[in-house]
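Encoded as structure tokens, the structure appears first; notes follow it.
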Amino acid sequence: MRPAVRRWKPGAGVLRPRPGSLTPEGARLGLPALPGDITLLLDPELVDAEGGERFAQEGFLLSVGEDGATVSAPTPRGLRHGARTLLQHLDRHGELPAGEGADWPGYEVRGFMLDVGRRFFTPGFVRDLIVRMGELKLNELQLHLNDNGFRKDRTGPWDGVQAGFRLVSERFPGLASADGAYTRAEWDSFEDLAAEHGVTLIPEIDGAPRTPWPSRATGRSWGRATISTCPGPRRRPS
């Protein structure tokens, strides 16, 4: 399991889940568990003295026996982490060891920043990254959407330095970089997928004069007070 659970008490035997029990088609919402089922139990009152507030926000309990397994958590995000932990072990071993366990993240923010401004990454790559982050229980992806390269001569002009802006704009058609930019539909797909996998998507846009691209692409002068640098709005997954 990546990372390993914080607390684990081994039991006797192993569980081989019922075929299809981990697929949406095999889900049996509100019905009694069958032998080999993995049950997800949302309990807002669930607490753990050792895990404290971190457990209350994203923690989970595991109970695995030969007849089935239960993931219990106080939040949907905790349930997601618990189910992901079981899937990681099943993918590698094909069965689950019996026992009782608990886990919670040590840090509220477990993030990754991808600089797509200087080098464009395809929409498919970004979506694959979001899925992988969810698998590893990382929860914030910051996309650095515009920036310039570096001058070989520190005293030389910036006009010939590579620069990029990676969002297509209907208001400023020339703003997006010709070598790659994300459409509205592609960005929406990032947000939807991030919410599905427990990842908060943070767009980062540098303002002039931090980067020369807005002036170069639109032919307008953007003063220091015109655009401010901020991480932008956040979409928080459930």
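Bear in mind these aren't lab numbers, they're just calculated from the coordinates by the rules spelled out. Just so it is clear, the model here is predicted, and its values are computed rather than measured. So basically every Cβ, Gly included, is an ideal-geometry build from the backbone, and we count neighbours across all protein chains shown.
General remarks:
- Net length gained if the chain between residue 89 and residue 186 were fully extended (0.36 nm per residue, minus Cα distance): 31.7 nm
- Residues whose amide H comes within less than 5 Å of that of residue 14, counting only those at least five positions distant or on another chain, are 98 (H built at 1.01 Å from N in the peptide plane).
- A cut-off of 5 Å between modelled amide H atoms, ignoring neighbours fewer than 5 places along the same chain, links residue 7 with 102.
- Derived scalar couplings between HN and Hα for the range 8-16 equal 8, 10, x, x, 9, x, 9, 10, 10 Hz in order, rounded to whole Hz, by the Karplus curve 6.51 cos²θ - 1.76 cosθ + 1.60 (θ = phi - 60°), x for Gly and Pro.
- Using the Cβ-Cβ distance between residue 171 and residue 34 with R0 set to 45 Å, the FRET efficiency works out to roughly 0.20.
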